[in-house]
Amino acid sequence: MKQKALNYLRAALNNSQAEFKADQWKCIDGILNRKKQLVIQATGWGKSMVYFLATKLLREQGNGPTIIVSPLLALIENQKEAAKRLNIIIKSITSNDSEEDIIETFELLKNNQLDILMLTPERFSKDDFVKNVLLPVSSSISLFVVDEAHCISDWGHDFRPDYRRIARILTYLPKNVAILGMTATANKRVMADIKNQLGEELEITRGSLVRKGLVLQNIIKPVISERLAWLAQYIPQLKGSGIVYCLTIRDIHLVTNWLNENNISAKPYYGSLSPEEKDQNQQLLLDNQIKVLVATTSLGMGYDKPDIGFVIHYQCPKSIIDYYQQVGRAGRGISNSYGILMNGEEDSSINDFFINQAFPSAEIVNDIIQALLTYDALSIYELLTKINYSKSKIDAAIKYLLAEANSPIYFYNKKYRATSYASTYSLDAEKIKNITLKRKIEQQQIREYLTNKDCLMKYLQSALDDENPQNCGICVNCNKNNQLNAEVDSYLVQKANDYLHGGSINIEPRKKWPIKYIFEHYNIQGNKIPPQLQLKPGKALSLWNDGGFGKLVRECKYEKNYFTDLLVEESVKLIKNDAKWPKDEPIEWVTCVPSLNHPELVPSFAQRVANKLNLPFIPCIRKIHNKMQQKTRKNGYLQVQNLDGVFEIDYRLLKSGACLLIDDMIDSKWTVTIIGYLLLQNSVKAVYPYALALNSQKEE
Ligand SMILES: [Zn+2]
């Protein structure tokens, strides 16, 4: 059988000399003997070849199809080629597929005409799928593959609630089904958890974690401008193309633009980028058409470019596992590559945020359940009106609850409802507390790695429970000759500083209200804001509390209660000269958003800006109610509702020409959108919003 498998391997790779990689045959043999296995091997080991060959041999023996559960369904080109050469028929079901496509795929499966069906774990949340598709064929399934199996473990770094459904799915499958869990990283704790869910008889095969040829180095530069300077100075000296990882989308844009300004071709990559742009930018890196892809962790699982010359972390990831997975993308097919870890003063607070977001709080869970018990059935939009949380938090909590074994809620007919478990349900607070604590320890561990003086690869191996950690001989602590210079030219630091302070921030106008029929006091109807009543594109001087002016804005607002003349001057410069802020109507007057709590702060600033612009300052907007502070309202619906009827315009003062609408800080943009609407309704020609700082948009 081994010879036969080898022949197929050679055919699949179109290489008559090809041999199995370590443990590949052992793994295939295990499948043929219907074993349950967990395979921990670095990316690039050739896992697709294992399930392709195993499926081929099983099907030849007259067995049923293979099911692969994976968060990423796209096969890369060489996998498609291999499947074709083996005559394996693979289909996947994605959320983009049409109803007809899906039915066709199901028919193929039921008629035993499909060799491999690939699914995302979310598919198991569809009751119809389990009942109508999986159950009728379940007795014939011969191999069940769980890709990225570490996602099963809520102790893991990448837990996905939908993976928890897999354990229940397994109970529908025949006892002798072969199970193959695969992951590139799993420490002992995660392995134990996977065993717990996939079966105690799971046999574990693990390869060494050492990445040969990867030179690890840490460069400690907490100050943003120095880190940017280093990137601009040293990336051109690195061979080939590579990845720069950042923690947030805002940093992605900051770094991408900076690199391009320094003639280093770079493109962004993050989860919410459009699928077309994601594909395009990944492809540009694959084809070595760009030097750098600047990415968040969403460029992770499944990305398989063999000749990545360097992986640089602009900010420190939240754990060693994250770091190892990401840096491991470097240099798989080349003899020499770099893995550079940098850190920033901002990392910890960002990572704390992610850690605290990982599980829903007891409060939100309780509020959701109470709302459903009270109102019987609520759509997501109705829920938003009942409880004060951001939509993203509510979405995440619902996803978590739906995947619970005895879920307190269910979804039916476009509405959420409470189940009979709702009144007794409680989160496993103890477990969540322990996991959160563990995340903090992991965070501490990567801080230790940053300043570790011994072999860096060995440190990673030990931290990940590798049984045989050894000095790598090539990291900068093993061999000083491999060290990249960490010094930066002072002119580049200055340039980076100018860049951080000079880049203005766009304020994109909102085009619709969060929901129809939201206003009781204002005469505003419908969901869409008519174009003539929308704001014009606006600008902010900085990002709130950021390395540029954002910090100064914060100090002025909360400590001095006065915006300094420097901020006036910089604002005037931006308003007058920013070439990236074209105004099709000339600004004729200036007004500002009023506040009852700080009645002088913004008007004094706006007045001084108007003086310097030689324009009249007309405080024509009054705040007539003090409702709750806008920043305490967590979703768009509640934010807009909180502004309904709050502002009044003194129409006698209005001028018809275009105006500049100034606020100190803009967050959700609803305040300026509503004031703009009221002004424009009363024949003001155009309204340009301007703010000292834009807070990161928590929700759209
Ligand atoms: Zn070393």
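Residues to consider are L464, L492, L543, L500; find the one that is in contact (Cβ under 8 Å) with a residue 60 or more places away in the chain and within 16 Å of the ligand (Cβ to nearest atom).
Within the list L464, L492, L543, L500, the selection yields L464.
Which numbered condition in (1) touching a His at 6+ places or on another chain (Cβ under 9 Å); (2) part of a helix (DSSP H, G or I) is the only one that L678 fails? Evaluating L678 over (1) touching a His at 6+ places or on another chain (Cβ under 9 Å); (2) part of a helix (DSSP H, G or I) leaves (1) as the failure. The set of residues in segment 385-410 being hydrophobic (A, V, I, L, M, F, W, C) and in contact with a Ser or Thr (Cβ under 9 Å, 6 or more places away or on another chain) consists of A397, L401, L402, A403, I409. The condition (being without any contact (Cβ under 8 Å) to a residue 24 or more places away in the chain and of a type in the set (A, V, I, L, M)) is satisfied by just one residue among I67, I90, I103: I103. For the structure I just gave you, tell me whether Y421 is surrounded by 14 or more Cβ atoms within 10 Å (Cβ to Cβ) and within 14 Å of the ligand (Cβ to nearest atom). When the stated conditions are applied, Y421 does not pass them.
Counting only strands (runs of 3 or more DSSP E) that fall entirely inside segment 475-593 and contain at least 2 residues that are modelled with pLDDT of 95 or more, the qualifying elements are 587-592. Would a scan of segment 510-526 turn up a residue that is among the small types (G, A, S), away from the ligand (no atom under 16 Å from the Cβ) and on the phi > 0 side of the Ramachandran plot? So far as segment 510-526 goes, yes, one or more of its residues are among the small types (G, A, S), away from the ligand (no atom under 16 Å from the Cβ) and on the phi > 0 side of the Ramachandran plot.
Apart from one condition, L58 fits all of (1) under 36 Å from the mean Cα position of the chain (by Cα); (2) of a type in the set (A, V, I, L, M); (3) modelled with pLDDT of 90 or more; the exception is (1).
Per-residue answers, yes or no, for (1) at pLDDT 90 or above; (2) open to solvent by 10 Å² or more (accessible area, probe 1.4 Å); (3) not assigned by TED's automatic domain parsing to the domain that holds K414:
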| position | (1), (2), (3) |
| --- | --- |
| Q326 | no, yes, yes |
| R332 | no, yes, yes |
| Y338 | yes, yes, yes |
| T385 | no, yes, no |
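Here N434 passes the criteria (1) within 15 Å of the ligand (Cβ to nearest atom); (2) not in a loop (DSSP other than H, G, I, E, B) except the one numbered (1). For segment 449-461, the candidate set comprises residues that are more than 10 Å from the ligand (Cβ to nearest atom) and open to solvent by 40 Å² or more (accessible area, probe 1.4 Å); within that set, the residue that is farthest from L341 (Cα to Cα) is K453. In segment 629-675, the residue that is least open to solvent (accessible area, probe 1.4 Å) out of those that are among the aromatic types (F, W, Y) and in contact with a Ser or Thr (Cβ under 9 Å, 6 or more places away or on another chain) is F647. The number of residues in segment 625-644 being within 37 Å of the chain's Cα centre (by Cα) and outside any helix (DSSP H, G or I) comes to 10. Restricting attention to segment 614-624, the residues being open to solvent by less than 30 Å² (accessible area, probe 1.4 Å) and either outside any loop (DSSP other than H, G, I, E, B) or touching a Pro at 6+ places or on another chain (Cβ under 8 Å) (or both) number 1. Among the residues of this structure, V146 counts as one that is assigned by TED's automatic domain parsing to the domain that holds E107 and either surrounded by fewer than 22 Cβ atoms within 10 Å (Cβ to Cβ) or touching a Gly at 6+ places or on another chain (Cβ under 9 Å) (or both). N471: within 16 Å of the ligand (Cβ to nearest atom), over 30 Å from L678 (Cα atoms) and over 29 Å from the mean Cα position of the chain (by Cα), yes or no? Criteria met by N471.
Here is a yes/no grid of residues against (1) at positive phi; (2) open to solvent by less than 30 Å² (accessible area, probe 1.4 Å); (3) in the same structural domain as I152 (by TED's automatic domain parsing); (4) not polar (S, T, N, Q):
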position: N366; (1), (2), (3), (4): no, no, no, no
position: D376; (1), (2), (3), (4): yes, no, no, yes
position: Y381; (1), (2), (3), (4): no, no, no, yes
position: A397; (1), (2), (3), (4): no, yes, no, yes
position: L402; (1), (2), (3), (4): no, no, no, yes
position: F411; (1), (2), (3), (4): no, no, no, yes
position: N434; (1), (2), (3), (4): no, no, no, no
position: K440; (1), (2), (3), (4): no, no, no, yes
position: Q445; (1), (2), (3), (4): no, no, no, no
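The number of residues in segment 580-599 being under 35 Å from the mean Cα position of the chain (by Cα) and within 16 Å of L541 (Cβ to Cβ) comes to 3.
The values are calculated or read from the model by the stated rules, or taken from the named source; none is laboratory data. Note that the structure is a prediction, hence the values are computed from the model and not measured. Note: ideal-geometry Cβ built from the backbone for every residue, glycine included; neighbour counts use all protein chains shown. Accessible surface areas use protein heavy atoms only, side chains included; no ligands, DNA or RNA. Shrake-Rupley method; radii C 1.70, N 1.55, O 1.52, S 1.80 Å.
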